[in-house]
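Contents: one structure, followed by commentary.
No value in this document is a laboratory result; all are computed from the given coordinates. Here the structure is a predicted model, which is why all the values come from computation and not from measurement. With ideal geometry, Cβ positions are generated from the backbone for all residues, glycine too; neighbour counts draw on all protein chains shown.
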C-alpha cells in the first residue's frame, strides 16, 4: 500500500483574535481556502479601516488553490475576498445567500469572470484529494454551514460559526444527522467555533427575542426604533412580523440594512409581509403609533443611522419624547463604551431605550458551553482545535474538550500561521508561518506600516511641533528666525513661554553648530531636534513629536 | 415666623457620567463642597490624563466655602482636591482612612497649612446653617460614609457610594439605625448612588470572594498572582489572610499598591498577618508553591505591574507555565478590551488565568436594585435624585424609585450643573450652570482645549503633512523647492507619487499666487493648503492635516 500523503491545515486568521478568519487545507499540492474575512481595528489601530489576513503563503502557492469555500456571509468571513481574488483565480463556493452577499461585495472589484458555485448543503463535492461534505448550522445569519473534509487519512471537521437552535426562524435546524454520521465514521480533528466558550449553559433560541420584541411593541404608544445587525436576517424577519401583527409600518435607515434586506428578499430568505415597508420619507405623515424604524448602529458606530439620531444629526429622524428605542444586539468586545454613549444620548433626547443588559432583546449566534459539548459528543474527534476566539476563549474551549474526555495532549491551542500536519491518526504542529498584520486604510489598496501607526499613537497622545528655520550654509548664519507648526500640543500660558524658549534654543543650537563648522542642513536639524525635545520635556513633561526643517537658501 | 432660606444643591460632576464627583450644598451664603474627584478619560480624549470638575462656580464663591467633606477615598471622589485647594481655603473633613489617603495625595501640593478634620461617623457636626450627620456605608474601600444634611427646611441625604453588606470584612455594617431614624424624621430629598442600578437583586457580599480565592489557592501548585484595585483594602485583607492560611508569602508589585498597603496598615485598616509580606526581590528564592504576588493592573492599564508581566517586561516577575493569575476586579466600562488583551497575553505566556466572567473572583462595591430599594424604603424621601451614573443608570434608578411608590414628578434626572433649589417640602430645578470639560494633561497645571483634542483625533486618524517653502517676496519667486514633514500618513507606492504631485502643486500654486501679485507669506500658505488638501483627498481618499509654512527670505 502506498504511503498516504499528509494533510496540512493552516489557519491564517481567527486564532489569535475574533475576526479575519481564513483557514488553508492543503493535500497533494492542492489547496482549499476556507473563509476570507476582515477584522475590525482595535483602539490602538488609529485611523485604520480594517485588518485582513496576511495572504503571503496563499499568494506564493496561488497555482495550487482549487477552491475558496465560504461558510457564511459575515464580514469576518467574506470581507477579505476583494483583496484575495485580485491575485488568486479560483472558484468561490458558498450557499445561496452567502453567494448573494459576496456578489454585492465584489461588484466593485476590478476582477472580472469570477466563478461562483452554489453549495447545496445536502450534497457534498469532490475537489482534488478532498470530498467535502456540508452540514447546516444555525447562526446569526441564515445559510451558514460547517464542513467535513473526507480524506484518505480521515475526516477533518470545520464547524463554521454555529449555535444550536431547536426551532430556528427559517425552520432549518443544525444537521445533527450528518454530524452524527461523520462522528460514527470517525473524526481525526475538529476545528470548533469557540467564540462563546466562556458562556455556561445553552445559547437561547432566536425565537425568544421575538417574544420580548412583541411585549415591547404591545406597550409602546409612540414610534419604535429597532437597531440590529444589517445581516441578521432572522432578527429582521421577526421585527417585520411583529410590526405587521401590530399594524405598524417599517421604514429602513442605513445603507447596509437596505442592501441586505433587498438581497435577502430577492433570494427568498426574508419574507416581508405585504405593504409593511414604507420609505423613510413617509414617516412624518404617519401616526406615531404606526411607525417602526429599522436601523443600523447597534454597535454605536459613529457614522451609523442610530448614532446620528442620538446626536440629533439624522436627516430624517428626530428623536421625540417617548420614542421607544430597542438595541437588539450585544456589544462586540471593544464597543461597550460607544454603545453606552449612544444609549445615554438617546435617553437625553427623551427616548425610552431598551438594551441587552436590562431587557432580553438579543441572543447570541454562537454556541455556549453545552452546545460545544454537544458538537464534541456527536463528532468524538481525536484532536480538538478551538478556533474563532481570543486566547481566553480558546482556553475555555479546551477545558470543555477535556471535560468531554479528550486526551489533554490532543487539544491544540494553535496560533495564526500554525501549520497543523495530519496523518492517519496523527496531528501535530509542524511549523509556524511568520505573519504580518495587514492594515487597510484610505483607498484600501495599500497597507499602513507599523511605523505609521506608532506615529499616529504618538501624535494622538502629545501632538507635533514642526520648527522651520532658513539658514545660509555658506555664510553660516540664520537667514530667518524660526517659525512653528503646532498641532495637538497643549497650549497654555506656561507653554507660550516654552515656545519662546524653543525659539532661543533653536537659534543657539544652530549657532553652536555653525561654530563647530556644522552647516549641513540635516545635521543641524538633528542637533536642534535633540535639544528641543529635551527642553520641552523638562519644562512641561510632555513628549510631542518634534521635527525641525532647516532650509538652506 | 421669618421665611426660611432655601437650600441650593448643585452637582458639578458625577451626574452625566461615572466620575469626577462633586456636589455643592449652599444655604445662607454658606457653602459645603461634598467630594472632589476626577474622571478617567474616554477613547475620544486622546492623550488626556484625566478630567476634573469645572470649579468656576466654587471659585467665584470661594469665600462662602466652609467645608470640603469627602465621603470616601477613591480617586473619583478625592482626585480633584489638589486643583481645588490651590484656590479654596476650607477645612477638609473625612474619616480616618480617607484622610490618610487625601494626605498622601496632597503631599506634593504646594499648598501649606491645610486643615484636616477627622470625621467620627457616630458624631454629627455643625457647620453654619447645617447640622451634618453621618452614616457608615459598605463599599469597595473601607471607611465610606453617607451624609444627612439636617436643615430647617428638612433632611437632605447624600448616599455616598454604597452597597449593603451584612457581614463586611471589617465588621462595620451599613448604619441602618441612623438611616431609619432620618427616614422617621422625614427626608426631603435623597441623592442616591445609581452606578449599579442596572443590576437586579443584591450585590454579593465581599466574603464570597474570599471563599472563591481560597478554592483557587488550594488548587494552585505554582505561584499565584492576584491583581486587584490598590484601594480595595478588604480584598487585600482577604488575599493576605488566605495566603497566610495556605503558608504562602505575599510580594507586592505596583507603586499605588505599596502605598495603600502602607497607609492602611499604619492606620489599622489592614491587618497583615505576621511574616506574610516579603520583598519582591525575594520571590525567586522561594519555592513556587509558597509565593503570592499581589499586583496592580486589574484594569489592563498599559503601565501597570500586571500588564508588564503579560508583556514579559516586568523587571522582577517572569510569567512561568502554570502560574495562576487571578484578576480580582471587574472591568470599568471602556476597559473591557484592554483587560482582554492582558488576559490573552498572560495565557500566551503559559499562565492559568481566572477572571470575572469565568470565576467568582470579584463582587461589586455598589448597590444593586434591591439595595437601592432598601435605601429608599428606609429613608422614604419625597424627592429622589439619582447620582453617580450615566443617563442609562439614572433612568433605571428612577424606574426603581417609581416602583417604590415615589411620585414620578418628584424623581429628578438632573444634569451636571443643575441648580436644585429646595424649600420646605419642595424641590425644583431652578437653573443650570454652563460647565466646561476641564482636561488635565502633562504637568497638569493647564487644561487642554477642545481644539487641541480635535487636532489629536484628526492626527490619530490620518496624520499630518507639513510642507515648507522658501520664497523671495520682492522677487516673486521660489527660492527653494518645497520640502515635507510627514507623520502618521499612509506611505505606499501610490502615495510616493502623490508626494511628487504635491511638490508640483505647491510650486504651481505659489507661482499662480505670484502672478496675481500675491506675495504675502500667510496668503500664499492658505492658497497652497487648499489646493494640497483637495489634491490629496482626490488621489488617496484620506484627509491628513495639511499645513504649509512659507518662509519669506
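Rounded is the label for the range B:206-354. Its Cα gyration tensor axes, ordered a ≥ b ≥ c, give a/c under 1.5. Put in order of Cβ neighbour count within 10 Å, fewest first, the listed residues B:165, A:472 become A:472, B:165. If R0 equals 35 Å, the separation of the Cβ atoms of residue A:262 and residue A:176 corresponds to a calculated FRET efficiency of about 0.60. Distance from the C-alpha centroid of the range B:119-164 to that of the range A:480-553: 54 Å, rounded to the whole angstrom. With the largest listed first and rounded to whole Å, the semi-axes of the equivalent ellipsoid of the protein assembly as shown from the Cα gyration tensor are 48, 43, 33. Among B:404, A:451, A:257, the ranking by other beta carbons within 10 Å of each residue's beta carbon, starting with the fewest, stands as A:451, B:404, A:257.
When residue A:176 is represented by a point 7 angstrom out along its Cα-to-C-beta vector, the spacings to that point in the other copies are 5.0 nm, nearest first. Remark: relative contact order (the range A:398-553) = 22 percent; criterion is Cα-Cα distance under 8 angstrom and separation of 6 or more residues.
With the helix formula -39500 (n - 2.57) applied to DSSP H stretches of n ≥ 4, the protein assembly as shown reaches a computed 222 nm mean residue ellipticity of -9500 deg cm²/dmol. Ordering of B:212-218, A:63-69 by packing is A:63-69, B:212-218, highest average first (other Cβ atoms within 10 Å, averaged per residue).
Between the Cα long axis of helix A:391-403 and the first principal axis of chain A there is an angle of about 30°, rounded to the nearest 10.
Note on chain A: Rg/Rh from C-alpha atoms, Kirkwood Rh, equals 1.07. Working note: Cα atoms of the range A:191-288, range along each principal axis, descending, whole Å: 51, 32, 20.
Counting Cβ atoms of other protein chains within 10 Å of each Cβ in A:544-552 and taking the mean gives 4.
Each of A:538, B:409 was scored by other Cβ atoms within 10 Å of its Cβ. Arranged with the fewest first, they read B:409, A:538.
The separation of the range A:306-328 from the range A:225-243, counted between C-alpha centres, amounts to 17 Å. A point 7 Å from Cα along Cα→Cβ stands in for residue B:4, and the other copies hold the same point at 8.9 nm, listed in rising order. Could you state the number of Å between the C-alpha centres of the range B:347-376 and the range B:1-36? Computed from Cα coordinates, the inter-centre distance equals 32 Å.
Relative to the longest principal axis of the Cα atoms of chain A, the long axis of helix A:493-515 lies at roughly 60 degrees. Distances from residue A:96 to itself in the other copies, using label points 7 Å out along the Cα-Cβ axis, amount to 7.6 nm in increasing order. Seen against the Cα atoms of chain B and their longest principal axis, helix B:521-540 is set at about 80 degrees. Relative contact order of chain B: 15 percent, from C-alpha pairs under 8 Å at least 6 residues apart in sequence.
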